[in-house]
Amino acid sequence: MLINKLISNMLPYMPKNLVWVFSKEYIAGESIADAIEAARQLNSEGIMATIDVLGEFIKNLDEAEANKQEYLRLIDKVEEADVDSNYSLKPTSFGLLIDKEVAFNHIREIVAKAASYDNFVRIDMEDSPCTDLEIELFRKIKEEFPKNVGLVLQAYLKRTNQDIRDMKDIHSDEVPLNFRLCKGIYVEPEAIAYKKYNDINTHYLEDLELMFQEKMYPAIATHDKNLVEGAYKLIEKYGATKDQYEFQMLYGVTPALRKSILDNGHRMRVYIPFGKDWFGYSTRRLKENPNMAGAIIKAIFFK
Ligand code: FAD
């Protein structure tokens with residue numbers, strides 16, 4: 001809708017407190033304490049968490065260092081608070097596109113810290129200039145910390161099914177590859193990405209089936225009830241037990257579907273973003289998905 005597109009374009013120029021009215025449903029807050037509180041609340045509903053410090057595509061390596069320090073503080077605080085959560089991170093916020101060795105060392109340090117608590121770090125997948133780099137990074141870190149790191153794969157990319165096959169060399173029954181499968185959120189060229197809803201969903205389920213076939217551990221990240229239904233069929237077809245997969249959703253999104261998945265006896269993990277960069281994050285996400293602007297109109301005018 002034109003109005004949605006208009007609103008999403010205007011967002012970066014709107015007053016911060018107005019955007020917060022909408023964003024607060026999707027972001028835990030600015031501080032580590034806010035993220036821990038959100039995780040605790042979800043835990044009380046039987047839901048696991050994965051916490052992400054907002055920030056991506058940084059401009060200099062000082063920001064990369066600061067982001068690493070924030071993750072190291074986060075990990076200590078989460079473990080101290082004893083909430084059921086792991087961690088998600090975006091490699092560009094550690095300088096992946098500025099100096100990949102620096103980014104690698106920062107992320108290695110974060111995974112080492114999580115591993116010292118027997119916990120886990122998910123490497124988010126960003127836009128296509130990062131795909132090869134993020135697979136390379138994942139391979140390298142998994143070599144040293146086989147149980148403590150996972151990667152995200154995007155079903156809209158035409159290469160993904162082959163990427164899954166190519167990574168079989170680092171997969172074993174004892175330490176299965178742990179992939180979060182999502183549709184993909186960035187705007188990608190048609191040459192490399194499926195664009196139509198049906199095509200993306202067909203490939204999503206093909207990729208998921210391959211993961212079940214190979215006995216990998218899929219984190220089924222979606223709010224699309226058709227994909228959830230498709231996933232249920234695959235879980236049954238492959239006789240996957242509850243500890244061999246999990247569902248994942250974003251904080252604040254489709255809580256009714258989330259509850260129905262839990263009520264059906266599956267495990268659920270919610271992605272909790274927090275941090276001082278919430279304004280940039282919200283406006284970027286809303287620009288990418290103008291349909292969400294409808295929710296802003298509601299939040300602004302009907303609250
Ligand atoms: P859609 O068909 O897009 O959505 C189904 C329905 O869900 C929509 O009709 C709408 O009602 C609702 N919905 C979906 N998203 C939102 C939202 N943000 N706000 C409000 N309502 C919404 N993408 C990446 O490219 N890289 C990543 O690393 C990554 N990590 C993710 C981690 C998790 C846990 C999740 C759940 C998603 C992640 N994504 C990531 C985003 C993903 O790629 C999709 O863009 C997003 O999940 C929407 O796809 P969908 O499967 O929910 O289906």
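Read the figures in this text as sums done on the coordinates, not as results from a lab. The structure displayed is predicted, hence computed values, not measured ones. Backbone-built Cβ (ideal geometry, glycine too); neighbour counts: all protein chains shown.
Quick look at the numbers
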quantity: Flagged links, alpha-carbon separation over 26 Å, of Lys90/Lys242; Lys90/Lys147; Lys140/Lys233; calculated: Lys90/Lys242; Lys140/Lys233
quantity: Cut-off of 10 Å, at most 10 other beta carbons, DSSP loop: longest stretch of the chain lacking such GluC sites (Glu not before Pro); calculated: 1-173
quantity: Amide H partners (placed H, <5 Å) of Tyr251, local residues excluded; calculated: Tyr271
quantity: Loop trypsin sites (Lys or Arg not before Pro), the range 177-276 (other Cβ atoms within 10 Å of the site Cβ: 11 or fewer; DSSP); calculated: Lys195, Lys196
quantity: Cα-based reach from Lys183 at 16 Å (exclusive), listing lysines while leaving out same-chain residues under 8 positions away; calculated: Lys158, Lys195, Lys196, Lys225
quantity: Over the range 144-296, relative contact order from alpha-carbon pairs under 8 Å, at least 6 apart, %; calculated: 19 percent
quantity: Interchain or long-range residues, amide H under 5 Å from Asp52's placed H; calculated: Ser88, Ile272, Phe274
quantity: Label-point separation in nm, Gln213 to Lys195, each point 7 Å along Cα→Cβ; calculated: 2.9 nm
quantity: GNM flexibility winner over the chain from Met211, Met167, Met125 (Cα, springs under 10 Å); calculated: Met167
quantity: C-alpha center-to-center spacing [the range 91-135, the range 188-210] in angstrom; calculated: 25 Å
quantity: The chain: C-alpha gyration tensor shape, a/c 1.5 cut-off, then a/b vs b/c; calculated: rounded
quantity: Theoretical ellipticity at 222 nm over the chain - DSSP helices of four or more residues, -39500 (n - 2.57) apiece, nearest 500; calculated: -15500 deg cm²/dmol
quantity: Normalised contact order of the range 28-274, rounded percent, pairs of Cα under 8 Å and 6 or more residues apart; calculated: 21 percent
